[in-house]
1. Output the residues belonging to the range 186-209 that are touching a helix residue (DSSP H, G or I) at 6+ places or on another chain (Cβ under 9 Å) and under 16 Å from residue 94 (Cα atoms).
2. Looking at the range 106-121, can you tell me whether even one residue there is modelled with pLDDT of 90 or more, surrounded by 13 or more Cβ atoms within 10 Å (Cβ to Cβ) and in the same structural domain as residue 202 (by TED's automatic domain parsing)?
3. Scan the range 132-145 and tell me whether some residue there is surrounded by 14 or more Cβ atoms within 10 Å (Cβ to Cβ) and under 29 Å from residue 83 (Cα atoms).
4. So, restricting to strands (runs of 3 or more DSSP E) that lie completely within the range 65-174, which ones have at least 2 residues that are under 22 Å from the mean Cα position of the chain (by Cα)?
5. Would you confirm, using the coordinates I've provided, whether residue 139 is touching a strand residue (DSSP E or B) at 6+ places or on another chain (Cβ under 6 Å) and touching a residue at least 24 places away in the same chain (Cβ under 8 Å)?
């Protein structure tokens, strides 16, 4: 005896439409939840990046404000020693808030003919005034004397004051200092002074790093 075939319930279009809409709403909720999750993750990453760079800028500003700043100050004019030779009195000074370490510097004093621009790009060679300090504390000054000389074949020849008085030549003093701060950053300072009037190249030579 044959079994009666299974009877499938008749489909209800309204019910099917309802179920389809419900599934769609559920899928839409899931999709929006995923979207919102990724947006939240992206926002968190963006905030972390912005916070990092803000911290980095603040840390850099702190180090610049707290680090050592070395500079050379000179007398307002040249003078002469007891033997009548031209010299310039100068001093190294730490204008910063913390000590400088491993300070190395060299400076030279010479003259140039009126109308000539000094060549400050060449390496400073001996004889020159040397500065060596393992540690250099804030507000400390270290005076030194710079003889003003002609340099011929690395030989120092004293300058006659009359050369300057006659207006044929002018005095120029320049040099460089390198050092490390307490944070381990390396720094440099260039300085230049000319007498009796400033020169463009000398003014431009005065500079320091921005670290």
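1. Residues satisfying the conditions are 190, 191.
2. Checked against the condition, which is being modelled with pLDDT of 90 or more, surrounded by 13 or more Cβ atoms within 10 Å (Cβ to Cβ) and in the same structural domain as residue 202 (by TED's automatic domain parsing), the range 106-121 yields at least one hit.
3. yes
4. Correct list: 70-74, 86-94, 100-113, 129-136.
5. Spelling it out, it is not the case that residue 139 is touching a strand residue (DSSP E or B) at 6+ places or on another chain (Cβ under 6 Å) and touching a residue at least 24 places away in the same chain (Cβ under 8 Å).
Per-residue answers, yes or no, for (1) within 30 Å of residue 172 (Cβ to Cβ); (2) at pLDDT 75 or above:
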residue	(1), (2)
42	no, no
47	no, no
53	no, no
58	no, no
63	no, no
75	yes, yes
99	no, yes
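The values are calculated or read from the model by the stated rules, or taken from the named source; none is laboratory data. On a predicted model such as this, the values are computed, not experimentally measured, just so you know. Cβ sites come from the backbone with ideal geometry, for glycine too, and all protein chains shown count toward neighbours.
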